[in-house]
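The values are calculated or read from the model by the stated rules, or taken from the named source; none is laboratory data. This structure is a prediction, so every number in the text was calculated from the model and none was measured. Every residue, glycine among them, receives a Cβ derived from its backbone with ideal geometry; neighbour counts consider all protein chains shown. Surface accessibility is based on the protein's heavy atoms, side chains included, excluding ligands, DNA and RNA. Shrake-Rupley method; radii C 1.70, N 1.55, O 1.52, S 1.80 Å.
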Amino acid sequence: MSNEQRVAIVTGAARGIGAAVARQLAEDGFAVAAIDLDETSCAGVVNEIEANGGRALAVGADVSDEVSAEKAVTRIAETLGTPVVLVNNAGITRDNMLYKMSVTDWDAVISVHLRGSFLMSRAVQGYMSTSAWGRIINLSSVSALGNRGQANYSAAKAGIQGLTKTLAIELGRFGVTVNAVAPGFIETEMTAATAERIGMSFEDLKAAAAKEIPVQRVGQPADIANTVSFFARDESSFVSGQVIYVAGGPTG
Ligand code: NAD
């Protein structure tokens with residue numbers, strides 16, 4: 001690649017893991033496009049990156065919508081530059097036991113995680129192959145291995161692992177690696193919402209989770225950002241089609 005600053009796109013970047021990834025990639029030297037449903041919700045992370053001397057852009061888009069995803073990528077390419085890193089992080093949960101799971105909740109979760117990762121990857125792949133360099137990093141989960149009450153989420157996160165391996169095979173010849181991070185319990189609004197749903201305080205849920213984790217703590221968004229950063233490096237060009245479980249112990 002030329003000396004032009006590389007551009008990374010992070011979806012679901014307004015908060016939680018996505019915001020930590022955006023901050024880390026900016027620290028690593030990338031210009032960062034922070035996508036979330038509402039553009040204004042990305043202002044915090046964008047301002048922080050700019051205050052630290054980086055370049056960033058807030059983009060409002062729904063990754064599960066074909067037109068919205070493509071428009072977002074075009075705008076990023078025109079405003080920040082050619083996108084060569086994509087982190088498919090946007091996500092939602094709609095947990096329920098199978099017998100109570102609505103078709104709407106099934107479709108919503110599959111759409112954001114799986115369709116969204118497909119649409120965003122398809123939208124950026126041309127830029128990456130033309131640059132002969134690219135990194136797609138997908139967010140899977142330990143739930144891909146099965147988790148009670150998460151048939152939709154677990155199917156989506158297992159699907160993301162298949163997508164990751166296939167895109168690694170298809171895009172490798174263009175200098176593009178495709179990998180996935182599969183987090184365990186990470187302290188974010190997503191896990192706080194789980195605590196609320198099951199009627200536990202977040203502190204109690206975190207303490208209970210930490211007891212079951214070999215390193216005896218729950219994960220932080222920075223733990224995931226660190227792994228994404230590893231995949232995005234030049235030196236990681238021989239690592240592709242892999243899923244790294246970042247869960248404080250052996251998983252998978
Ligand atoms: P979060 O709920 O805190 O943040 C997710 C972000 O995605 C939100 O800002 C939300 O607005 C955005 N988003 C949702 N739908 C979107 C859409 N259609 N288009 C664009 N943006 C959208 O969640 P988090 O805990 O930071 O999780 C981030 C990712 O990591 C998700 O893919 C999640 O499934 C995965 N993950 C999280 C955990 C955990 O313990 N927190 C564990 C494993 C995997």
Item checked: Filtered residues of the range 32-47 (kept if surrounded by 23 or more Cβ atoms within 10 Å (Cβ to Cβ) and either out of contact with any helix residue (DSSP H, G or I) (no Cβ under 7 Å at 6 or more places or on another chain) or over 22 Å from Arg122 (Cα atoms) (or both)) -> Cys42, Val45, Val46
Notebook entry, point to check: Which numbered condition trips up Ala8, out of (1) modelled with pLDDT under 95; (2) open to solvent by less than 30 Å² (accessible area, probe 1.4 Å)?
Noted result: (1)
Note to self: Pairs needed: first member in the range 136-150, over 20 Å from Ser117 (Cα atoms); second member anywhere, assigned to a loop (DSSP other than H, G, I, E, B); C-beta distance under 6 Å; at least 6 residues apart or different chains.
What the structure shows: Gly149/Asp95; Gly149/Met97
Next item on the list: Could you give me the residue pairs with C-beta distances under 8 Å whose first residue belongs to the range 157-175 and is within 16 Å of Ile244 (Cβ to Cβ), whose second residue is of a type in the set (Ser, Thr, Tyr) and open to solvent by 30 Å² or more (accessible area, probe 1.4 Å) wherever it lies, and which are 6+ apart or on separate chains?
Entry: Ala168/Ser240
Margin query: Can you list the helices (runs of 4 or more DSSP H) lying wholly within the range 1-120 that have 2 or more residues being touching a strand residue (DSSP E or B) at 6+ places or on another chain (Cβ under 8 Å)?
Written below: 16-27, 43-51, 66-79
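Might you let me know whether the range 182-192 holds any residue that is more than 9 Å from the ligand (Cβ to nearest atom), in contact with a helix residue (DSSP H, G or I) (Cβ under 7 Å, 6 or more places away or on another chain) and not β-branched (Val, Ile, Thr)?
So in the range 182-192, the residues more than 9 Å from the ligand (Cβ to nearest atom) come out as none.
Scanning the range 182-192, I find no residue that is more than 9 Å from the ligand (Cβ to nearest atom), in contact with a helix residue (DSSP H, G or I) (Cβ under 7 Å, 6 or more places away or on another chain) and not β-branched (Val, Ile, Thr), so the answer is no.
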Checklist line | The one condition in (1) crowded, with 18+ Cβ neighbours inside 10 Å; (2) touching a Lys or Arg at 6+ places or on another chain (Cβ under 6 Å); (3) among the aliphatic types (A, V, I, L, M) that Ala108 fails to fulfil | finding: (1)
Next item on the list: Could you give me the residue pairs with C-beta distances under 8 Å whose first residue belongs to the range 48-74 and is open to solvent by 30 Å² or more (accessible area, probe 1.4 Å), whose second residue is in a helix (DSSP H, G or I) and β-branched (Val, Ile, Thr) wherever it lies, and which are 6+ apart or on separate chains?
Entry: Arg55/Ile49; Gly60/Thr40
Note to self: For the condition at negative phi, buried (at least 19 other Cβ atoms within 10 Å of the Cβ) and at pLDDT 95 or above, what is the one hit in Val228, Val239, Val215?
What the structure shows: Val228
Note to self: Filter the range 54-71 down to the residues that are closer than 13 Å to Ala8 by Cα and either of a type outside the set (Gly, Ala, Ser) or near the ligand (Cβ under 8 Å from one of its atoms) (or both) and list them by number.
What the structure shows: Arg55, Leu57, Val59
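With the requirement that a residue be within 16 Å of the ligand (Cβ to nearest atom) and touching a helix residue (DSSP H, G or I) at 6+ places or on another chain (Cβ under 8 Å), what does the range 97-106 give you? Can you show your working first?
Initially, the range 97-106 is screened for residues within 16 Å of the ligand (Cβ to nearest atom), giving 104-106.
Scanning the range 97-106 gives Asp105, Trp106.
Taking Ile49, is it under 13 Å from the mean Cα position of the chain (by Cα), closer than 16 Å to Ala225 by Cα and aliphatic (A, V, I, L, M)?
Spelling it out, it is not the case that Ile49 is under 13 Å from the mean Cα position of the chain (by Cα), closer than 16 Å to Ala225 by Cα and aliphatic (A, V, I, L, M).
Would you mention how many residues in the range 121-140 are open to solvent by less than 10 Å² (accessible area, probe 1.4 Å) and within 16 Å of the ligand (Cβ to nearest atom)?
Keep residues of the range 121-140 that are open to solvent by less than 10 Å² (accessible area, probe 1.4 Å), which gives 121, 124, 128, 134-140.
Keeping just the survivors that are within 16 Å of the ligand (Cβ to nearest atom) gives 121, 124, 136-140.
Of the residues in that region, 7 qualify.
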